[in-house]
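Structure first, commentary second.
The values are calculated or read from the model by the stated rules, or taken from the named source; none is laboratory data. Predicted, not measured: the structure shown is a model, and the values here were computed from it. Note that we place each Cβ from the backbone using ideal geometry, even for glycine, and neighbour counts take in every protein chain shown. Keep in mind that these areas ignore ligands, DNA and RNA; they rest on the heavy atoms of the full protein, side chains included. Shrake-Rupley method; radii C 1.70, N 1.55, O 1.52, S 1.80 Å.
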Amino acid sequence: MSLTFHWFLPTNGDSRHVVGGGHGTPATASGRDRPPTVAYLSQIARAAEDLGFVGALTPTGAWCEDAWLTTAMVSQNTERLKFLVAFRPGFVSPTLAAQMASTFQRQTGGRLLLNVVTGGESHEQRAYGDFLDKDDRYRRTGEFLRIVRGLWEGKSVDLNGEHLRVEDATLARLPDPVPEVYFGGSSPAAGEVAARYVDTYLTWGEPPAAVAEKIAWIRSLAAKEGRTLRFGIRLHVITRDTSEQAWAEANRLLDGFDSDTVASVQAGLARSESEGQQRMLALHGGGSRDGHGLEIHPNLWAGIGLVRGGAGTALVGSHDEVAERIKEYADLGIEEFVLSGYPHLEEAYWFGEGVLPKLQAQGLWQHPFEKPAAPSAQVPFAGAGR
């Protein structure tokens, strides 16, 4: 088995400090240090491609650039990297979304992955004209994916659902290959959608015991639908040659958190309707000014969540330690890792050159764009017959 690794395109801006925001909170000022230009994002994407990351996640929301448009442009500056495009099903019709995905596949040579984000913040949804409550949004997501999957299978779709209605919907050209669907959510309504419609279930970086519970929960629901899913995890990484260097970097990032910004972000996130976001908040409990005080499992640090919504934990340690934690999650059933780090360009190299070779040596990873080296022919020593 070869684990799959994805990187992250910071379409909210990048920095040598943590760029906060997300889940209804705006990006912090540090996001202006490296604006999310196509040129800079392409630089990150090319680095990720060379290092062996399969894809790159782009976020969605008012705090960042549009994921569809940005990845369409960045894709033209890469050759093999896939794009895990986050999108919200309430903002576009299912037939149009299926058509957009089909077009993206043809124009990029099949490099689209879809991260379906139902949306956990009603006030942000309303800004986009969506006034459904959370449970209704999940039911709509299920109807949306039912329509999209039918269209991708070449069917003519008619559905008069609770939230969506289409008549005689078809696609003139089908996507090849059909995009894989990624999805995350911790509520009962989210679990039902995952079990029925998605290919890979994503969780944020909780301690292994909590992740194991989630995997068992989703597996059980999927089994009732006669389906099996892949599982992935979303984490930040701070990996260095030594553990001391990695924790020094974590503390440097922590020292850069302005107390007023932390208070403002935490107040905003406390209002979140997302069960996953509330689980993230519970991990750091408001924070500590000491990096190791936020270590909630060996090498799992909750400090990022003090200023950033969504994924709020990072793997921190030496390359060997980070590789060991990845193996620990893999042993639970996690096959895909969606990673990021500040700044995203430099941290991609730290991980790609430091951790991936460790995993390759253990037989846990193979560079996806390189063929295994063929055994070399044995050449006798030149002086053997003398």
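Of the residues that make up the range 304-318, is at least one within 20 Å of the chain's Cα centre (by Cα), within 30 Å of G61 (Cβ to Cβ), modelled with pLDDT of 95 or more and open to solvent by 30 Å² or more (accessible area, probe 1.4 Å)? The answer is no; no qualifying residue exists.
Selection of the range 54-83 for residues being under 14 Å from the mean Cα position of the chain (by Cα) and outside any loop (DSSP other than H, G, I, E, B) yields G55, A56, L57, T58, A67, K82, F83. Applying the criterion of being part of a strand (DSSP E or B) and charged (D, E, K, R) to the residues of the range 12-50, the residue that is surrounded by the fewest Cβ atoms within 10 Å (Cβ to Cβ) is R34.
Screening Q245 against (1) in contact with a strand residue (DSSP E or B) (Cβ under 7 Å, 6 or more places away or on another chain); (2) open to solvent by 50 Å² or more (accessible area, probe 1.4 Å) leaves a single unmet condition, (1). Within the range 196-214, the residues that satisfy the criterion of being closer than 20 Å to H236 by Cα and outside any strand (DSSP E or B) are G205, E206, P207, P208, A209, A210, V211, A212, K214. Figure legend. Inter-residue proximity from the range 335-360: first residues touching a residue at least 40 places away in the same chain (Cβ under 8 Å), second residues crowded, with 22+ Cβ neighbours inside 10 Å and of a type in the set (K, R), beta-carbon distance below 6 Å, spacing 6+ or different chains. Indicated pairs: V338/R234.
Of L269, L254, which residue is at pLDDT below 95, within 24 Å of the chain's Cα centre (by Cα), over 28 Å from V116 (Cα atoms) and open to solvent by less than 80 Å² (accessible area, probe 1.4 Å)? Before the answer, list the steps.
On the way: L269 fails: over 28 Å from V116 (Cα atoms).
Criteria check complete, one pass: L254.
Note on the range 171-184: residues that are over 30 Å from the mean Cα position of the chain (by Cα) and open to solvent by less than 80 Å² (accessible area, probe 1.4 Å) amount to 0. When you look at S102, is it within 20 Å of L151 (Cα to Cα), surrounded by 14 or more Cβ atoms within 10 Å (Cβ to Cβ) and either in contact (Cβ under 8 Å) with a residue 40 or more places away in the chain or more than 18 Å from the chain's Cα centre (by Cα) (or both), yes or no? Yes; evaluated as a whole, the condition is true for this residue.
For the condition over 28 Å from H6 (Cα atoms) and either out of contact with any Gly (no Cβ under 7 Å at 6 or more places or on another chain) or at pLDDT below 95 (or both), E153 does not qualify.
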